[in-house]
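Taken together, the values in this text are just the output of simple stated rules run on the coordinates, not laboratory data. As the structure is a prediction and not an experimental result, all values here were calculated from the model. So basically every Cβ, Gly included, is an ideal-geometry build from the backbone, and we count neighbours across all protein chains shown.
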Amino acid sequence: RSGRALERVANVFFVLAGADTGDAIEAVERDVSPLLARHANALYLNRALYARIADLYGRRDKLGLSPEQARVLDRYHTRFVRAGAALDQAQQDRLAAINERLASLGTQFGQNVLADEKSYAMILEESDLAGLPDFARDAAGAAAAERGHPGKYAITLARSSAETFLQFSSRRDLREKLFNAFIKRGENGGATDNRATIAETVKLRAERAALLGFKTFADYRLDDQMAKTPAAARKLLEDVWTRARARALADRD
């Protein structure tokens, strides 16, 4: 119960950060992400709290629990174990530091991608709009006017703009230009380049997985999911790929 107010505020805040952000919200996000990670560490690495949960879990078959109660207890126990509650103090201290750093890196990664997305616009003339439906032309015209190019058209890296252009445009050269810009968000050098952020994230994720007894981060991530193992997830992807490729080739033909 004590966390409900914080959870409600955080949910609203991160929806805004994802859908209607700005400089002020991004600054708060950078400040609050490691604080929330530290708060979660304080809860899930609390030895006294985990001891109570582990005690109940160990006696779960004798407690006369309903299916719903048993499920809640199982989920809390799993969440605490996966968060490192059963580790020794030195391991917990390292895990807590990793979690805080990963929270900051995740925020930095997202904001770098967003910065590259906001800074890009492909300015076009009327003759460049072949294939675009009226609604896409209107949106591109409004986007250009907002950027100080009245009478022209702007395609941005916002998903609604980019995907519409990629779907409908008859100009292969412009589709290629836009697609390359879209996939290089966060990979353009300078302050918003994410390559070092990704490298550190991958390294810390691997260390966290090892601390928790898993071979790889993929093993850790999937252990509590329906797939259970990376091999099972890969098999599903390959099964779908085989069928999807056959259908795509049939459509092409």
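Packing around the peptides 246-252, 177-183, taken as the average count of other Cβ atoms within 10 Å per residue, puts them in this order, highest first: 177-183, 246-252. Given a Förster distance of 35 Å, report the FRET efficiency between Arg47 and Leu236 from their Cβ-Cβ distance, rounded to the nearest 0.05. FRET efficiency, Arg47 to Leu236: 0.35. Computed over the chain, the convex hull of the alpha-carbon atoms projects to a mean area of 19.3 nm². Just how far, in whole angstrom, is segment 134-168 from segment 80-128 if you go by their alpha carbon centroids? Cα centroid of segment 80-128 versus Cα centroid of segment 134-168: 29 Å apart. Computed from Cα atoms, the angle from the helix 134-146 axis to the main principal axis of the chain rounds to 90 degrees. Note on segment 2-102: dipole from Cβ charges, positive end direction compared against Pro34, Gln69, Ala90; the farthest Cα belongs to Gln69.
With springs only between Cα atoms under 10 Å, which of Gln92, Gln69, Gln108 fluctuates most in a Gaussian network model of the chain? Checking each option, the largest mean-square fluctuation is seen for Gln69. Within the listed set Asp138, Asp193, Asp223, the Gaussian network model of the chain (springs between alpha-carbon atoms below 10 Å) gives the highest mean-square fluctuation for Asp138. Mean sequence separation of contacting Cα pairs (under 8 Å, at least six apart), scaled by the length of the chain, corresponds to a relative contact order of 15 percent.
Legend: residue pairs Lys118/Lys235; Lys177/Lys235; Lys215/Lys235; Lys203/Lys228, Cα-Cα distance threshold 27 Å; pairs beyond threshold, Lys118/Lys235; Lys177/Lys235. The listed peptides 77-86, 206-215, ordered by packing as a protection proxy, come out as 77-86, 206-215 (highest mean of other Cβ atoms within 10 Å first). Overall shape: oblate for segment 188-253, with the ratio a/c of the largest to smallest alpha carbon gyration tensor axis at 1.5 or above and b/c at least equal to a/b. Computed per residue of the chain from DSSP H runs no shorter than four, each worth -39500 (n - 2.57), the mean residue ellipticity at 222 nm is -23500 deg cm²/dmol. Anyone know which of Arg195, Arg38, Arg59 comes out most mobile in the 10 Å Cα GNM of the chain? Taking springs between Cα atoms under 10 Å, the residue moving most is Arg59.
Both radii were evaluated on the Cα set of segment 139-253; the Rg over Rh quotient, with Rh as the Kirkwood radius, amounts to 1.12. By the Stokes-Einstein formula, at 0.692 mPa s and 37 °C, segment 1-124 with its Kirkwood radius over alpha-carbon pairs has D equal to 191 µm²/s.
FRET efficiency for Ser160 and Ser127, Cβ-Cβ distance as r, R0 = 22 Å, nearest 0.05? Step by step, r from the Cβ atoms, then E = 0.40. Placing R0 at 25 angstrom, the Cβ-Cβ distance between Ala191 and Arg8 gives a FRET efficiency of 0.15 after rounding to 0.05.
With K and R counted +1 and D and E -1, the other residues having a Cβ less than 12 Å from that of Thr201 yield a net charge of +3.
Dipole orientation for segment 103-187: of the candidates Thr156, Ala144, Phe182, Phe182 has the Cα lying most toward the positive pole (charges on Cβ; Lys, Arg +1; Asp, Glu -1). Helix 23-44 axis versus longest C-alpha principal axis of the chain: approximately 20°, rounded to the nearest ten.
For segment 59-119, the spread of Cα positions along the three principal axes, ordered from largest to smallest, is 60, 31, 8 Å.
The distance between label points at Lys215 and Thr78 comes to 2.1 nm (points 7 Å beyond Cα on the Cα→Cβ vector). Tally Lys and Arg at +1 and Asp and Glu at -1 over the other residues with C-beta under 10 Å from the C-beta of Thr156: what net charge comes out? So the surrounding residues net to +1. To the nearest ten degrees, helix 67-82 and the longest principal axis of the Cα atoms of the chain are 80 degrees apart.
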